[in-house]
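The values are calculated or read from the model by the stated rules, or taken from the named source; none is laboratory data. Bear in mind the structure is a predicted one, so any value in this text is a computation, not a measurement. Neighbour counts run over all protein chains shown; Cβ positions are idealised from the backbone, glycine included.
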Amino acid sequence: MSEKISFEEYLKQNETLTYTNVGTSMMPLLRQGKDLFTVVRKGPERCRIGDVVLYKRNRQYVLHRIIEVREHDYVILGDNCIQKEYGITDSDILGVMTGFVRDGKEYSVNDKQYQAYTKFILSTADARTLTKRITLKLKRKLKEML
């Protein structure tokens with residue numbers, strides 16, 4: 001019988017982790033239960049804007065994108081989220097995504113297509129967030145009316 005180990009321990013022992021995506025917060029980049037992502041254990045260097053990082057929040061693992069690098073922490077947002085996360089520090093980050101697998105094809109974060117996607121996601125983050133918030137409010141109002 002194999003013993004379960006945490007992502008922290010696994011990364012400490014193996015340096016890289018490949019895992020299936022759970023949740024919809026990183027759509028359309030990663031599809032729930034269909035795509036795999038690979039992270040490498042975070043070293044002492046600071047992360048950069050656009051990096052997708054694995055960290056732990058309230059005993060739950062989260063894979064989201066850095067949208068702002070501040071002096072002592074990061075601002076992070078899932079590609080399909082509306083709530084920015086503040087105060088994530090280097091010590092919170094377990095690993096940085098190096099690539100993903102979709103429909104059997106591997107993609108690196110160094111691929112030009114991925115880099116173009118990242119630029120688009122970063123440049124439209126505020127507009128996408130506002131649009132999603134308005135859409136949610138409209139749906140709630142419509143539901144109340146019916």
Scanning segment 121-146 for residues that are surrounded by fewer than 11 Cβ atoms within 10 Å (Cβ to Cβ) and not charged (D, E, K, R), the one nearest to residue 50 (Cα to Cα) turns out to be 123
Sole miss for residue 73 among (1) at pLDDT 95 or above; (2) out of contact with any Gly (no Cβ under 6 Å at 6 or more places or on another chain); (3) not polar (S, T, N, Q) is condition (2)
Those residues of segment 7-35 that are among the aliphatic types (A, V, I, L, M) and touching an Asp or Glu at 6+ places or on another chain (Cβ under 9 Å) come to a total of 4
When segment 77-102 is checked residue by residue, the ones that are under 13 Å from the mean Cα position of the chain (by Cα) and in a strand (DSSP E or B) are 77, 85, 88, 93, 94, 95, 96, 97, 98, 99, 100
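Kindly indicate which of 61, 74 is under 11 Å from the mean Cα position of the chain (by Cα) and among the hydroxyl-bearing types (Ser, Thr, Tyr).
Values: 74 fails: under 11 Å from the mean Cα position of the chain (by Cα).
Residue meeting the stated conditions: 61.
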For segment 103-117 the number of residues that are surrounded by fewer than 15 Cβ atoms within 10 Å (Cβ to Cβ), not aliphatic (A, V, I, L, M) and not in a loop (DSSP other than H, G, I, E, B) is 6
When (1) closer than 24 Å to residue 10 by Cα; (2) not in a loop (DSSP other than H, G, I, E, B) are applied to residue 45, the one that fails is (2)
Any residue at all in segment 31-50 that is among the charged types (D, E, K, R), more than 15 Å from residue 7 (Cβ to Cβ), surrounded by 15 or more Cβ atoms within 10 Å (Cβ to Cβ) and within 10 Å of the chain's Cα centre (by Cα)? no
Scanning segment 59-101 for residues that are in contact (Cβ under 8 Å) with a residue 12 or more places away in the chain and loosely packed, with under 14 Cβ neighbours inside 10 Å gives 72, 86, 87, 89
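To keep it simple, each residue is scored yes or no on (1) closer than 15 Å to residue 89 by Cβ; (2) part of a strand (DSSP E or B).
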position: 3; (1), (2): no, no
position: 26; (1), (2): no, no
position: 31; (1), (2): no, no
position: 49; (1), (2): no, no
position: 56; (1), (2): yes, yes
position: 66; (1), (2): yes, yes
position: 71; (1), (2): yes, no
